[in-house]
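Student: The structure's right below; bear with me while I get my questions together.
The values are calculated or read from the model by the stated rules, or taken from the named source; none is laboratory data. Values in this document were obtained by computation on a predicted structure and should not be read as measured data. When we count neighbours, we look across all protein chains shown, and the Cβ atoms used for this are built from the backbone with ideal geometry, even at glycine. With ligands, DNA and RNA removed, areas are computed over all heavy atoms of the protein, side chains included. Shrake-Rupley method; radii C 1.70, N 1.55, O 1.52, S 1.80 Å.
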Amino acid sequence: MLRFIARRLLQVIPVLFVIITATFFMVRFVPGGPFTAEKAVPPEILRNLEAHYGLDQPLWRQYLNYLGRVVRGDLGPSFKYSNRSVNEIIADKLPVSLELGATALAVALVLGLGLGVLAAVRRNRWPDYLASSVGMLGICVPTFVMGPLLVLFFAIRLGWLNASGWYTLPDRILPALTLGFVYAAYIMRLTRGGMLEVLNQDYIRTARAKGASEVRIVLRHALRGGLLPVVAFLGPGIAGILTGSFVIETIFQIPGLGREFVNSAFNRDYTLVLGTVILYAGLIIGLNLVVDVVQVWLNPKLKFE
Amino acid sequence: MNPAPAPSVPLPAPVAAEPPSSLWRDAWHRLRQNRLAVAGGAVLAVLGLLCVFGPFFLSYSYQEQNLDLGATPPSAAHWLGTDTLGRDLLVRLLYGGRISLGVGLCATIVALTIGVVYGAIAGYVGGKTDAVMMRIVDIMYALPFTIFVILLMVFLGRNIVLLFVAIGAVEWLTMARIVRGQIMTLKKMEFIEAARSLGLGNRRIIFRHLLPNALGPIIVYTTLTIPAVMLLEAFLSFLGLGVQPPMSSWGTLIKDGAEKMEEFPWLLQFPGVVFSLTLFSLNFLGDGLRDALDVRASKD
Amino acid sequence: MRHLVLTLASLALLASGCTKQDPAAGAASSAASAPKVLRLGNGTEPQELDPQTVAGVPEHRIISALLEGLVMEDPRDLHPIPGQAERWEISPDGLTYTFHLRPNLQWSDGEPLTADDFVQSYRRMLTPSLGSEYSYLLWFVKGAEEYNQGKLTDFRQVGFKAPDARTLVVELKSPTPFLLQIIASHYAWTPVPVKVIARHGPVDQRRNPWTRPGNNVGNGPFRLKEWTPNQKIVVERNPHYWDAAAVKLDRIEFLAIDDIAAEERMFRTGQIHKTNELPLAKIDTYRREHPEVLRIEPYLGVSYYYFNVQRPPFTDKRVRRALALAIDRESLVKNVLRGGQQPAYAVTYPGIAGYQARARLEGGVEEARRLLAEAGYPGGRGFPEVELLYNSSDNVRILAEAMQQMWRTHLGIEIRLVNQEWKVYRDSLRTHNFTLGRAGWIADYVDPHVFLEIWVTNNGNNDGQFSHPEYDRLFQQALVARTTEERYEIYQQMDAILVEECPLVPIYYYTRVYALSPKVLGWHPTLLDNHPYKFLDLAE
């Protein structure tokens, strides 16, 4: 297993290299630049600005300079927030997204796994219908509807919480619920589907035939195989939830990283786009590695290849 | 940590022998027995027909405005009310259905096809091929979507095909990872070993024996992809891809309605209900399909 | 069920209790009664607080609390009143301004503030390597443009002189009748503490951390206390300010809120005293239910569609006029925009600094149809497919949809709507890659000049490539006009040309629509939406 992980970690370098290169050139070919503004900047001033950020050099040289800096762990200055570095922005905002994401993930896992298993075991009976309905609700009601609804009820109607912001501990409740609920719905559906698949497998029937208790069957045998799809989903899912959600962070005005992913692209903040992409890529690669390890663990027949 | 007990029941004999036609006929038969699935299918059919033909029977067009009227709740003249420009919501909802059902189905089929084939090959072949294919998936996950969409538009112009490409390009990734995980597990099972020992070709093994056994998660994830795709369309139309005003889609109607939910609740309620109805129906139909196509259940 | 979820969530939250807490910023109920803290919704996160490297409105609102220029704005009508300078003289030829600073001016760190600080500030602003976007607002000064472009390297040849610690002499290259308006309203002319900046890094480079809390030094009525990115910026009263006794507020919190729906909900829970904007759908609700907090105020800007006059069919002035005449501005304002906007039948904002354009788009739909027929498209027949380019924004979209319908019903022409993400759209306009585009123009200072300079040949903002030799000549003539009356008379001719030639379709003059708590005192509607903070107060 250690060899497997080591080999995978070695693959990270070329993968990151491709991602950085592709992103670097993609953002440069998008029309508009960091200094495109409502009012035209006189060309002489634009030249001053570009010279300041080294944008007047040939693209290949800028690219090499950037690579050189990234290798040293410096993601460069932000174009939009001109006295902050990308490292600093990420260091500021990632913890917020992690905190929100981890809480939401806890909600999602508890709710999603619990309801999913329940629905599969009590298939086509009322617990299944109830759990499935909750799951469908999370899928049918988009976050940009759910979030404001919760705010209108708990903050404005009842006056228990703030409407938006990230100032006090209770400010975390509504965003975590909203974000958690969506993921809970996905996890619930996938768990139910995966479990149903496994509960029909021959070895489960064998276990049943041998008189094993239902609880034991579910926990010991069925969950392992049944969780495979959930686990595959959770790799990118967790990366997404931990790096923050644009919609949730906008509705609740949370100073997390999620808004930066989208806004940096809108602002043509080249370095910030790259910085967030590198971070996200690292998480995706890391989590997909974890997923692959867990998949092997869930199914002892598999070996690390 | 006990390993899962190995299947002790021998390989189901008919796996290779049974003629496919009867498999499909059986499945169709079982599907028709499932009342929820039939109801879901019927609702979808009715919705689809309404969206395609409904507008011809209504006296309003999706772009006809009545500025003096403005937003009004449902009435005899406008069954679902009007939006802030005084346009008939029913017509806009039906036209929007054409776009959303179209985009939802087409883009999902694109994502489904790419994801399933890609994931199945990676999972089945394994080794270096798998490693390369999955690293490509990692790369695709990480590329900035907003930038990708803008570039697509700038270099290839705006059209509906691009919309499918853009959506399909992001939505197949997780599908591929899920299918790969399933295939990797399934291919170690006895019946696949047996199929292989019978000298069946790889393609036949993948598509006839492995994928049918992975149908459950595939169908579930497909039913999860469709709503995601429909809502993603609203974001793309914000970027300038996708539907252009005054044309509407369910995604843009819901987004628009969500902003006015306190003032003009019907602008959110009706699109929301139709959207949910579609998703519930798809879900029931999906569950029914899964059961109907379940190779093992059929042997009961 | 909900109860269970809430409990679970609360537990999880408590478990992760490693977070910064800020009790002061909680719900309204926790607002302490003793210090007067004004909380303002301030739009997007400011890019920076250095007046010489920023270009936006949210930045402006904060900087105007931290820094003060030679003259400042009157709280009611924004006309220039003494600021750091207690008085000034203008030479008869309008080329030399002599400012006399107040005695004993200090920076917020207690250091004396002298006329040389102003000179050093302007020198920094004009240094090419700083890349300041608004440095062109200093180009009226002799040698400033050349220095900014690197053609002149000796700053002593630029027209800023400090003969003694309290006198600043500014020499212009040509008379600039609106110079004091610019100095009063625009942060480009505020001083910066160059000595402090030098302590934190190179003076002429960006990325200097001098604007961080703890480092920041200013000369305004408030000083920087806290800056939490994407959350809030807190300023507190500056004891070293020359008029500190007159400042009534203890603190102002500028909350970065980039979503107007969220902002409105925060206003309702009492988290802020003022919103930056109000969602369109909410205006009528507030008008009906909370008229006491709804503010609708004229805003010095015009919204218009403009033509690329180099592209058919808009090379023909009759077609341009037809499109301009065929829209029902009254209905747009009343039914679509709903924010008390004023329909625009000319370009220059009516009543700006005492100027009122006499020219006016005359003629209704009939006249529009006649012109279109004359141009060869009777009833819209044969009219080519034209795209209207606009940026992705709900309010912009809804206006475009309504205009499209009016052109269809009144002229029989079909205009296709094309929206682009904001920077793509700006890029298309700038590179003249459009036929018909949407734009708006907000004035930086109060003078008709701002609205008329755009349409001069080769002006950086003249994306539609309008070119009219007579118009250009008048523009130059106005700059050297002897009196304001003479100058305004020239502007009248320029406005008449714009109405006649129609390089643009003026649609409406902007308003600012927002919610303001009645607790805020001393808040006056102003054309630039500037509200000098030292005059504001908060009721108990």
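Student: Filter region C:412-429 down to residues that are of a type in the set (Lys, Arg) and within 19 Å of the chain's Cα centre (by Cα) and give me whichever is nearest to the other protein chains (Cβ to nearest Cβ).
Tutor: C:423
Student: I've got another one for you. If you take the residues in region C:406-427 that are surrounded by 21 or more Cβ atoms within 10 Å (Cβ to Cβ) and among the polar types (S, T, N, Q), which one is nearest to residue A:80 (Cα to Cα)?
Tutor: It comes out as C:420.
Student: Kindly indicate whether any position in region B:192-200 is within 8 Å of another protein chain (Cβ to nearest Cβ) and either open to solvent by 10 Å² or more (accessible area, probe 1.4 Å) or within 15 Å of the chain's Cα centre (by Cα) (or both).
Tutor: no
Student: Name the one entry in B:161, B:132, B:179, B:170 that is part of a helix (DSSP H, G or I) and more than 11 Å from every other protein chain (Cβ to nearest Cβ).
Tutor: It is B:161.
Student: For region B:215-237, does any single residue satisfy the condition of being of a type in the set (Gly, Ala, Ser), in contact with a helix residue (DSSP H, G or I) (Cβ under 7 Å, 6 or more places away or on another chain) and more than 11 Å from chain A (Cβ to nearest Cβ)?
Tutor: Checked region B:215-237: at least one residue is of a type in the set (Gly, Ala, Ser), in contact with a helix residue (DSSP H, G or I) (Cβ under 7 Å, 6 or more places away or on another chain) and more than 11 Å from chain A (Cβ to nearest Cβ).
Student: Can I ask one more? Mind checking which residues of region A:68-83 are out of contact with any Asp or Glu (no Cβ under 8 Å at 6 or more places or on another chain) and either closer than 30 Å to residue C:216 by Cβ or within 9 Å of chain C (Cβ to nearest Cβ) (or both)?
Tutor: Within region A:68-83, A:69, A:72, A:73, A:74, A:75, A:76, A:77 meet the criteria.
Student: When residues of region B:72-89 are filtered for being in a loop (DSSP other than H, G, I, E, B), open to solvent by less than 20 Å² (accessible area, probe 1.4 Å) and either closer than 18 Å to residue B:258 by Cβ or modelled with pLDDT of 90 or more (or both), how many remain?
Tutor: Result for region B:72-89: 4.
Student: Moving on to the next point. For residues in region C:282-309 being in contact (Cβ under 8 Å) with a residue 24 or more places away in the chain and among the hydroxyl-bearing types (Ser, Thr, Tyr), which is surrounded by the most Cβ atoms within 10 Å (Cβ to Cβ)?
Tutor: C:306
Student: Which of the residues belonging to region B:253-262 are at the interface with chain C (Cβ under 10 Å from one of its Cβ atoms) and touching a residue at least 60 places away in the same chain (Cβ under 8 Å)?
Tutor: Answer for region B:253-262, where residues must be at the interface with chain C (Cβ under 10 Å from one of its Cβ atoms) and touching a residue at least 60 places away in the same chain (Cβ under 8 Å): B:256, B:260.
Student: Here's something else I'd like to know. Among the candidates A:108, A:176, A:120, single out the residue that is surrounded by 22 or more Cβ atoms within 10 Å (Cβ to Cβ) and closer than 26 Å to residue A:204 by Cα.
Tutor: A:120
Student: Continuing with this model, one more query. Would you confirm whether any residue within region C:480-488 is surrounded by 21 or more Cβ atoms within 10 Å (Cβ to Cβ) and of a type in the set (Asp, Glu)?
Tutor: no
Student: Within region C:252-265, how many residues turn out to be facing chain A (nearest Cβ under 8 Å), closer than 22 Å to residue B:256 by Cβ and hydrophobic (A, V, I, L, M, F, W, C)?
Tutor: The total comes to 3.
Student: Further, regarding this structure: Of all residues in region C:216-240, count the ones that are open to solvent by less than 40 Å² (accessible area, probe 1.4 Å) and assigned to a loop (DSSP other than H, G, I, E, B).
Tutor: Final tally of qualifying residues: 10.
Student: Continuing with this model, one more query. Can you tell me how many residues in region A:12-60 are closer than 19 Å to residue A:70 by Cβ, of a type outside the set (Val, Ile, Thr) and either at pLDDT 90 or above or open to solvent by less than 30 Å² (accessible area, probe 1.4 Å) (or both)?
Tutor: Total satisfying the criteria: 15.
Student: Among helices (runs of 4 or more DSSP H) lying entirely in region A:207-305, which contain 1 or more residues that are crowded, with 20+ Cβ neighbours inside 10 Å, facing another protein chain (nearest Cβ under 10 Å) and without any contact (Cβ under 8 Å) to a residue 40 or more places away in the chain?
Tutor: A:228-242, A:246-251, A:258-267
Residue by residue, here is whether (1) within 21 Å of residue B:86 (Cα to Cα); (2) at pLDDT below 90 holds:
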| residue | (1), (2) |
| --- | --- |
| C:374 | no, no |
| C:388 | no, no |
| C:392 | no, yes |
| C:395 | yes, yes |
| C:406 | yes, no |
| C:417 | yes, no |
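Student: Identify all residues within region B:127-151 that are free of Cβ contacts under 8 Å to residues at least 60 places away in the same chain and not hydrophobic (A, V, I, L, M, F, W, C); write none if there are none.
Tutor: If the condition is that a residue be free of Cβ contacts under 8 Å to residues at least 60 places away in the same chain and not hydrophobic (A, V, I, L, M, F, W, C), then B:127, B:128, B:129, B:130, B:135, B:138, B:141, B:144 are the ones that fit.
Student: Hey, can you tell me all the residues within region C:258-281 that are of a type in the set (Asp, Glu) and open to solvent by 20 Å² or more (accessible area, probe 1.4 Å)?
Tutor: Within region C:258-281, C:258, C:259, C:277 qualify.
Student: Here's something else I'd like to know. Answer yes or no as to whether residue A:115 is at pLDDT 90 or above and within 23 Å of the chain's Cα centre (by Cα).
Tutor: In short, yes.
Student: Just to confirm my filter: which helices (runs of 4 or more DSSP H) fall fully inside region B:196-300 and include at least 2 residues that are at pLDDT below 85?
Tutor: Because the criterion is at least 2 residues that are at pLDDT below 85, the helices (runs of 4 or more DSSP H) in region B:196-300 that meet it are B:215-239, B:266-293.
Student: From the list B:179, B:116, B:154, B:161, which one is hydrophobic (A, V, I, L, M, F, W, C), within 20 Å of the chain's Cα centre (by Cα) and surrounded by fewer than 20 Cβ atoms within 10 Å (Cβ to Cβ)?
Tutor: Result: B:161 is the single residue among B:179, B:116, B:154, B:161 that is hydrophobic (A, V, I, L, M, F, W, C), within 20 Å of the chain's Cα centre (by Cα) and surrounded by fewer than 20 Cβ atoms within 10 Å (Cβ to Cβ).
Student: Determine if region C:35-48 includes at least one residue that is open to solvent by less than 10 Å² (accessible area, probe 1.4 Å), assigned by TED's automatic domain parsing to the domain that holds residue C:534 and within 19 Å of residue C:217 (Cα to Cα).
Tutor: Taking every residue of region C:35-48 in turn, at least one turns out to be open to solvent by less than 10 Å² (accessible area, probe 1.4 Å), assigned by TED's automatic domain parsing to the domain that holds residue C:534 and within 19 Å of residue C:217 (Cα to Cα).
Student: Consider residue C:432 against the criteria (1) on the phi > 0 side of the Ramachandran plot; (2) more than 14 Å from chain A (Cβ to nearest Cβ): it satisfies all of them except one. Which criterion is unmet?
Tutor: All conditions pass for residue C:432, except number (2).
Student: List the helices (runs of 4 or more DSSP H) that sit entirely inside region C:442-501 and contain at least 3 residues that are of a type in the set (A, V, I, L, M).
Tutor: Qualifying helices (runs of 4 or more DSSP H): C:469-479, C:484-501.
Student: In this structure, is residue C:76 farther than 16 Å from residue C:222 by Cβ and over 23 Å from the mean Cα position of the chain (by Cα)?
Tutor: No.
Student: Among the residues that make up region C:446-463, is at least one of them over 24 Å from the mean Cα position of the chain (by Cα), aliphatic (A, V, I, L, M) and either within 12 Å of another protein chain (Cβ to nearest Cβ) or open to solvent by less than 50 Å² (accessible area, probe 1.4 Å) (or both)?
Tutor: No, the conditions are met nowhere in region C:446-463.
Student: For residue C:123, indicate whether it is in contact (Cβ under 8 Å) with a residue 12 or more places away in the chain, of a type in the set (Lys, Arg) and in contact with a strand residue (DSSP E or B) (Cβ under 7 Å, 6 or more places away or on another chain).
Tutor: So residue C:123 fails the test.
Student: Can I ask one more? Looking at C:232, C:274, C:282, C:248, can you tell me which residue is at the interface with another protein chain (Cβ under 9 Å from one of its Cβ atoms) and within 29 Å of residue C:191 (Cβ to Cβ)?
Tutor: C:232
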